[in-house]
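J.: I am attaching a structure below and will ask some questions about it afterwards.
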Amino acid sequence: MRVNYSGTNFAEVFPQQVAPNGFVQAAIDLPDDRVITLDTLDDGKVTGRLCPVRLGWLKEQLKEANGRAVYLFLHHPPAKVHLPALDSIGLAERDAFFDLLKSHGDVRHIFAGHLHRLVTGKWHGIPFTILCSTNHQTALDFVSPQTSNCFEPPLYSIILAEQDSQVIHFHQFQD
């Protein structure tokens, strides 16, 4: 099996999750929506990347969504969060990514992680949620170019999406 990054351990355990192009990404069709998961790993770097192969794959998945709402899941967030240490480690190809999303016209939400902070907002009119980690959290620091950890509880979310609504429950858990 060809894998385009050093995720060989993951690919060995979950070979069905590796797309034919070698990246860990998928399109999941629901009755009214399409969920797209994107592999943004740039091996050996802390920033994320959507290379031409992944952007081409995304373009096809958006085209196949054929008028359905799309929910995107990726590790590296495309939006700036105005925390210097975190804005430097997001997705690198933000403009090319947005151009594809704009061409689809019905991207309902972008979900990401990587920053280890709960952040919500809008990026070019598209709502986004960056989730906390289930491990450690990053301190809220609007000045420092370096990250530091803090003792906030881990969190997971449950997303309920219907044709006319979307609800995200955040559940903090400890011990």
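The values are calculated or read from the model by the stated rules, or taken from the named source; none is laboratory data. On a predicted model such as this, the values are computed, not experimentally measured, just so you know. Counting neighbours? That spans all protein chains shown, and the Cβs are built from the backbone with ideal geometry, glycine included.
J.: Those residues that are part of a loop (DSSP other than H, G, I, E, B) and modelled with pLDDT under 90, I need them from the stretch 153-166; list them, please.
T.: We begin by selecting, within the stretch 153-166, every residue part of a loop (DSSP other than H, G, I, E, B); these are 153-154, 163-164.
Answer for the stretch 153-166, where residues must be part of a loop (DSSP other than H, G, I, E, B) and modelled with pLDDT under 90: 163, 164.
J.: Is at least one residue of the stretch 89-102 free of Cβ contacts under 8 Å to residues at least 12 places away in the same chain, over 23 Å from residue 142 (Cβ atoms) and outside any helix (DSSP H, G or I)? Explain how you work it out, then say what you get.
T.: Just the residues of the stretch 89-102 that are free of Cβ contacts under 8 Å to residues at least 12 places away in the same chain, to begin with: 95, 99.
Pick out the ones that are also over 23 Å from residue 142 (Cβ atoms) and you get 95, 99.
If we keep only those that are outside any helix (DSSP H, G or I) as well, we get none.
The answer is no, given that none of the residues of the stretch 89-102 is free of Cβ contacts under 8 Å to residues at least 12 places away in the same chain, over 23 Å from residue 142 (Cβ atoms) and outside any helix (DSSP H, G or I).
J.: Now for a different question. Tell me which residues, restricted to the stretch 15-63, are of a type in the set (Val, Ile, Thr), assigned to a strand (DSSP E or B) and either in contact (Cβ under 8 Å) with a residue 12 or more places away in the chain or within 15 Å of residue 106 (Cα to Cα) (or both).
T.: Kept after step one, since they are of a type in the set (Val, Ile, Thr), are these residues of the stretch 15-63: 18, 24, 28, 35-37, 40, 46-47, 53.
Narrowing further to those that are assigned to a strand (DSSP E or B): 28, 35-37.
Answer for the stretch 15-63, where residues must be of a type in the set (Val, Ile, Thr), assigned to a strand (DSSP E or B) and either in contact (Cβ under 8 Å) with a residue 12 or more places away in the chain or within 15 Å of residue 106 (Cα to Cα) (or both): 35, 36, 37.
J.: Hey, another quick one. Taking the condition of being surrounded by 13 or more Cβ atoms within 10 Å (Cβ to Cβ), under 22 Å from residue 30 (Cβ atoms) and of a type in the set (Val, Ile, Thr), how many residues in the stretch 142-175 meet it?
T.: Result for the stretch 142-175: 2.
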